[in-house]
Amino acid sequence: MLSGILVFNQKGENLIFRAFRNDCRPRLADIFRIQVISNPQVRSPILTLGSTTFSHVKHENIYLVAVTKSNANAALVFEFLYRFILLGKSYFGKFDEEAVKNNFVLIYELLDEILDFGYPQNTETDTLKMYITTEGVKSAIVNNPTDSSRITMQATGALSWRRADVKYRKNEAFVDVIEDVNLLMSATGTVLRADVNGQIVMRAYLTGTPECKFGLNDRLLLDNDSAGPGSGSGSGSLGGNKMGLGSSKTRAAAGSVTLEDCQFHQCVKLGRFDADRIISFVPPDGEFELMRYRATENVNLPFKVHPIVREIGTTKVEYSVAIKANYSSKLFATNVVIRIPTPLNTAKTTERTSQGRAKYEPEHNNIVWKIARFSGGSEYVLTAEATLTSMTNQKAWSRPPLSLNFSLLMFTSSGLLVRYLKVFEKSNYSSVKWVRYMTRAGSYEIRF
Amino acid sequence: MAMNRIRGAFAVPRKGETFELRAGLVSQYAYERKEAIQKTIMAMTLGKDVSALFPDVLKNIATTDLEQKKLVYLYLMNYAKSHPDLCILAVNTFVQDSEDPNPLIRALAIRTMGCIRVDKMIDYMEEPLRKTLRDESPYVRKTAAICVAKLFDLSPAMCLENGFLEMLQEMIGDPNPMVVANSVTALSEIHHAAPETQALQVTPNTLRKLLMALNECTEWGRVTILTTLSEYRTSAVNEAEQICERVAPQFQHANPSVVLAAVKAVFLHMKLVNAELSSNYLKKMAPPLVTLVSSAPEVQYVALRNIDLLLQKQPDILNKELRVFFCKYNDPPYVKFQKLEIMVRIANDRNFDQLLAELKEYALEVDMDFVRRAVKAIGQVAIKIESACEKCVNTLLDLINTKVNYVVQEAIVVIKDIFRKYPGYEGIIPTLCKCIDELDEPNARAALIWIVGEYAEKISNAGDILAGFVEGFNEEFSQTQLQILTAVVKLFLKRPDKAQGLVQKVLQAATSENDNPDVRDRAYVYWRLLSNTSDTNAARNIVLSKKPPIVTTIHSLPPALLEQLLTELSTLASVYHKPPEQFVGQGRFGADAVQKAAIEEQLQNARDNPLAAAAAAAVDGTAAPQQQSNVENLLDIDFDGTAPASAHKEPNGGMSGLEGLAGTPVRVESPAAGAPAPSGSNNLDDLLGVFGDTPAPSANTAAPPNGGAGADLLNGFGGLDLSGGGMSSPPPAGASQPKKTNEDILSLF
């Protein structure tokens, strides 16, 4: 498998060099520097030279490189590198050159733990944090044999993601349904592609080893347990919104949603989901991503954009962009940002908006129009004009698509709703659950 | 005095970094020592040689500070080789640590011992390893399991003598899933390194254990188990059913590598289960595959390459998912290119409208490479779907009207292929001819000239157009020259009155002023054909013979290779679409062996067919720059000092030749070593290549009916092979001849 993990900064200096097999020689660092970092033509993340394969990922201002000498599992290698980045982020806040330089001892320690002989081991942040600690928290427990046995039991156990002795005075669970809506609209206004990538993030502060059951208004699920129990039965009501209502009403109001595909955190019992579509799991302590899903049917697009862009001769481009909110007037979106591309040879722009502020950003060749608060049903217009400088070689403007960013609370583009979350625990305590919905822009692009 | 001075020169310098570090390492204060160790490791990472500090670092090994211990161990692993004797000093600590009450320390000791690759250390490993394999803590056991693989790498004999392999095999039944996963990992590593050990034998019993552990172990463990399951060859239907049933839920895992490993396991075992069930599994794996397309770009790339393979085997699985593969504006180029290929593969007569609109959009972007591929994709769709052809041609005409130089050139190359499949588009020829002055690439020029020659009777000013080209004949690329030659001869045969002078002029130029043997030889062939008085129709029959239409221009892998690659899903081989032997050595001498074999093959070829080999060598030169620009190609850089760089190119050459010829599956089986790496399967250069570099044996196996004639011609013209392209992709030169004319040709000599 992996022969070594290398980390470089942008200048090509080797920050971390950890060999797991003796075929990973120090000279390889120079080869990667010459062949990839100082070679702007490289277009593939995988490069094989001789019989050595470099797979690299760029994050912030560092390159993370995995060296392999065999016909390795490429998907695993990249996924591992991304997991390494995730670990770095959760340990240091930001995983960049500075963090690597300041914590290189810790990084070696981590690498030693998550890879053995080039095979990935446990990469769960929570478990690792128990026995590999930053300077601030001194590893007192580690030197105590009984504590360490417990830790190692957990690190290898069937519930490797959860400690056994979690205690909370108030048992709470927060569920965030976050949807990234992707849109690609053609210049003529037809929707080429609209889909939703959703994730359900849970923050569980629950005592003991609770067994949770989770229900959505997924069509297949609903078909299955139409006679099943309603939400909030005995195990506390869902707070935060209307979710406390009986399931029948919810279904009537929201209809059901077809999920194309869903993926679960490793705590979810996949066998049960496959058999009867029940999402059942013992959650890790604290925050984790319970599931990801994809929906392509009946996607509600929160914003409609109508751009009119006219190139007048070779010296001027006129824009008129109208954007309309397509959701209930009780809701409002925040941080709406519309990026309107301008030709590369733009000299000067003038903008007028009916709401928010627009500014030209020469470094990105964009006019950025920001609207801090966008209430449902309203419509705003921007008119702008870009004056172009004349260029000697008149290359056609590629017209990159106009893109949108926003976040909208209490709205799901797919129409997904959480029907219930039930917690079962030996001590039979009651718990409070909260659900929150948010829709954000994924890649929300409109061609013109 | 003199002695003193000499001694002074050899003594350790009293200043400098090493001196300071040493001072720190032997300091009486613990914190200073630890700091010095950290600095030493830092210097080590930067590539400085700090091996001189070995004894001083080693003194710090006996410590209760776990962090410091880890640092010392890290240093030990790196420099053990430079001081093998001193390592013995550390043994005691290791053995002690492996009996520490703290499982973390026990595991750390055994993990590190395995990484110190010194012979003396191995002797001391036996006892600690035996103990830790039976440790009460699963954490220690799982570490010890991997350590067996490390030991096997160092000393297989010792590993076998002490029965560690058997212990490991027993551990597949361990109650802890992670121990199971690591045992399987270690066993499969040993099994692959030394197949004769039969380390990993899946029996019905182990199969059951593996399936049990699958649902409980970590994600990485799952990948290991799934990979082992897919390598397991069973012939029992119920076992295959069981595997599919237990593995399919893993499609829903959040980790893409688990999903791909599960897809692989199900895909390979699906063949045995009944048709209904297996089509069910195909349906089930489609959504997870699509979801992979929204992961991080690098993972996406691996997934896309794998989807490409799956689609070649099962073209229908993603029929409805076209839109998912639309390129985003800021997708990295390697992802975009792959998405294009997949979109063409899943194009059908229901979705081509959408696809064409999208491809047209891409063709108007600025990245030249991407635009070209988009245009090419339009052509591939046209040839794949008959009902889409008219729309494709209209789209291409729109693109030609944009007058963007490289778009026009690519469009013309593509239109030429369309002409080869569908008649009835002659009406657009005048539009094409208008672009004649803008074409500067040999490919595009050759394509247009071929069109002019092929439809000479319908183009009123064909003579004038060709005259222009004949004028500058000697300045053209040889590829274009060959086309000019053929086109003029076609024109002459169709309208003898108009091209009498032209044909003489061009034959004169090609035979007396040209030094390219291909061009000259072809000119001579035509000359003799045309001056053949015994049968006036001979030339007409040969040059203007009817050509079978082409079937597809979509690149696909030869079936045998595809089957092999499907067993390699999600590995590097599946990303490169090349068998692993091509870029990786099996065992220690593998890479060399492959190279040797390749050189041997090349030599053999050279002996068998000196001319073809020479031609191949010549073409190799032209193929080289292309290889460089394509980073996926394995660069032949020799940095391990094991192989000569020149020798390394040959396996590549052979392989890319195969790929290039993949459009004509019949020929692929034949050894086409040394053929150039053409950019597309049916480009003109590829077809012309038939004249230069297809070795004779391949031609014979490919086209049995023409075989006799081909061999005779080879004798006559030496290396000129007229029959190679006769099967599914006729050379535009009209070189493929109907059988009845064989005698005519033979009578020439």
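Residues in segment B:488-520 that are surrounded by fewer than 18 Cβ atoms within 10 Å (Cβ to Cβ), of a type in the set (Asp, Glu) and more than 23 Å from B:ILE459 (Cβ to Cβ): B:GLU513, B:ASP515. The condition (being touching a Leu at 6+ places or on another chain (Cβ under 8 Å) and among the β-branched types (Val, Ile, Thr)) is satisfied by just one residue among A:VAL381, A:VAL418: A:VAL418.
Any chance segment A:90-101 includes a residue that's more than 11 Å from chain B (Cβ to nearest Cβ), of a type in the set (A, V, I, L, M, F, W, C) and buried (at least 23 other Cβ atoms within 10 Å of the Cβ)? Yes - at least one qualifying residue is present in segment A:90-101. Somewhere in segment B:414-424, is a residue open to solvent by less than 30 Å² (accessible area, probe 1.4 Å) and more than 32 Å from the chain's Cα centre (by Cα)? Yes, the conditions are met somewhere in segment B:414-424.
Scanning segment A:429-445 for residues being open to solvent by less than 20 Å² (accessible area, probe 1.4 Å) and not in a strand (DSSP E or B) gives a total of 1. Evaluation of A:SER430 against the conditions (1) away from chain B (no Cβ under 14 Å); (2) at pLDDT 90 or above shows that the sole unmet condition is (2).
Every residue, every condition in (1) away from chain A (no Cβ under 14 Å); (2) under 45 Å from the mean Cα position of the chain (by Cα); (3) open to solvent by 20 Å² or more (accessible area, probe 1.4 Å); (4) more than 21 Å from A:GLY118 (Cβ to Cβ), yes or no:
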site	(1), (2), (3), (4)
B:ALA52	yes, yes, yes, yes
B:ASP65	no, no, yes, yes
B:HIS83	yes, yes, yes, yes
B:ILE88	yes, no, yes, yes
B:ASN92	yes, no, yes, yes
B:ASP97	no, no, no, yes
B:ASN102	no, no, no, yes
B:GLY114	no, yes, no, no
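Of all residues in segment B:436-479, those that are closer than 13 Å to B:ILE412 by Cβ and assigned to a helix (DSSP H, G or I) total 14. Counting only strands (runs of 3 or more DSSP E) that sit completely within segment A:343-390, those holding 2 or more residues that are within 30 Å of the chain's Cα centre (by Cα) and either free of Cβ contacts under 8 Å to residues at least 40 places away in the same chain or loosely packed, with under 14 Cβ neighbours inside 10 Å (or both) correspond to A:357-361, A:366-375.
Of the numbered conditions (1) more than 14 Å from chain A (Cβ to nearest Cβ); (2) open to solvent by less than 50 Å² (accessible area, probe 1.4 Å), B:LYS384 satisfies every one except a single condition; which is it? The number of the failed condition is (2).
When we screen A:ARG43, A:ARG83 for residues that are out of contact with any strand residue (DSSP E or B) (no Cβ under 7 Å at 6 or more places or on another chain), in a loop (DSSP other than H, G, I, E, B) and at the interface with chain B (Cβ under 9 Å from one of its Cβ atoms), the only hit is A:ARG43.
Please find, among A:PHE95, A:PHE8, the residue that is assigned to a loop (DSSP other than H, G, I, E, B), touching a helix residue (DSSP H, G or I) at 6+ places or on another chain (Cβ under 7 Å) and at pLDDT 90 or above. When all the criteria are applied, what remains is A:PHE95. Within segment A:249-275, can you find the residues that are among the charged types (D, E, K, R), modelled with pLDDT under 70 and touching a strand residue (DSSP E or B) at 6+ places or on another chain (Cβ under 9 Å)? The answer is A:ARG251, and nothing else.
Within segment A:292-316, residues that are free of Cβ contacts under 8 Å to residues at least 24 places away in the same chain reach no partner that is surrounded by 19 or more Cβ atoms within 10 Å (Cβ to Cβ) and not in a strand (DSSP E or B) with beta carbons closer than 8 Å at six or more positions or on different chains.
Within segment A:52-69, the set of residues being more than 9 Å from every other protein chain (Cβ to nearest Cβ) and open to solvent by less than 10 Å² (accessible area, probe 1.4 Å) comprises A:PHE54, A:ILE62, A:LEU64, A:VAL65, A:ALA66, A:VAL67. From B:GLU189, B:GLU241, which residue is modelled with pLDDT of 90 or more and open to solvent by 60 Å² or more (accessible area, probe 1.4 Å)? The unique qualifying residue is B:GLU241. Looking at B:ILE449, is it in contact with a Cys (Cβ under 8 Å, 6 or more places away or on another chain) and surrounded by 16 or more Cβ atoms within 10 Å (Cβ to Cβ)? When the stated conditions are applied, B:ILE449 does not pass them. Going by the structure shown, is B:THR40 closer than 29 Å to A:PRO120 by Cβ, touching a residue at least 12 places away in the same chain (Cβ under 8 Å), within 12 Å of chain A (Cβ to nearest Cβ) and not in a loop (DSSP other than H, G, I, E, B)? Against the criterion (closer than 29 Å to A:PRO120 by Cβ, touching a residue at least 12 places away in the same chain (Cβ under 8 Å), within 12 Å of chain A (Cβ to nearest Cβ) and not in a loop (DSSP other than H, G, I, E, B)), B:THR40 qualifies. Taking segment A:20-40 as the range and being at the interface with chain B (Cβ under 9 Å from one of its Cβ atoms), without any contact (Cβ under 8 Å) to a residue 40 or more places away in the chain and either closer than 29 Å to B:GLN38 by Cβ or buried (at least 19 other Cβ atoms within 10 Å of the Cβ) (or both) as the test, the residues that pass are A:ASN22, A:ARG25, A:PRO26, A:ARG27, A:LEU28, A:ALA29, A:ASP30, A:ILE31.
Count of segment B:387-403 residues, restricted to those that are within 21 Å of B:ILE429 (Cβ to Cβ) and either of a type in the set (Phe, Trp, Tyr) or open to solvent by 10 Å² or more (accessible area, probe 1.4 Å) (or both), is 9. Condition (residue is part of a strand (DSSP E or B), aliphatic (A, V, I, L, M) and in contact (Cβ under 8 Å) with a residue 60 or more places away in the chain) applied to segment A:278-285: is it met by at least one residue? Yes, that holds for at least one residue. Does B:TYR406 satisfy the condition of being farther than 21 Å from B:LEU355 by Cβ and open to solvent by less than 60 Å² (accessible area, probe 1.4 Å)? Spelling it out, B:TYR406 is indeed farther than 21 Å from B:LEU355 by Cβ and open to solvent by less than 60 Å² (accessible area, probe 1.4 Å).
Would you be able to say whether some residue in segment A:393-407 is more than 14 Å from chain B (Cβ to nearest Cβ) and more than 24 Å from the chain's Cα centre (by Cα)? No: zero hits. Screening B:GLU126, B:GLU136 for residues that are within 14 Å of chain A (Cβ to nearest Cβ), surrounded by fewer than 17 Cβ atoms within 10 Å (Cβ to Cβ) and at pLDDT below 90 leaves exactly one candidate, B:GLU136.
The values are calculated or read from the model by the stated rules, or taken from the named source; none is laboratory data. Values in this document were obtained by computation on a predicted structure and should not be read as measured data. Every residue, glycine among them, receives a Cβ derived from its backbone with ideal geometry; neighbour counts consider all protein chains shown. Note: areas computed on protein heavy atoms with side chains; ligands, DNA, RNA excluded. Shrake-Rupley method; radii C 1.70, N 1.55, O 1.52, S 1.80 Å.
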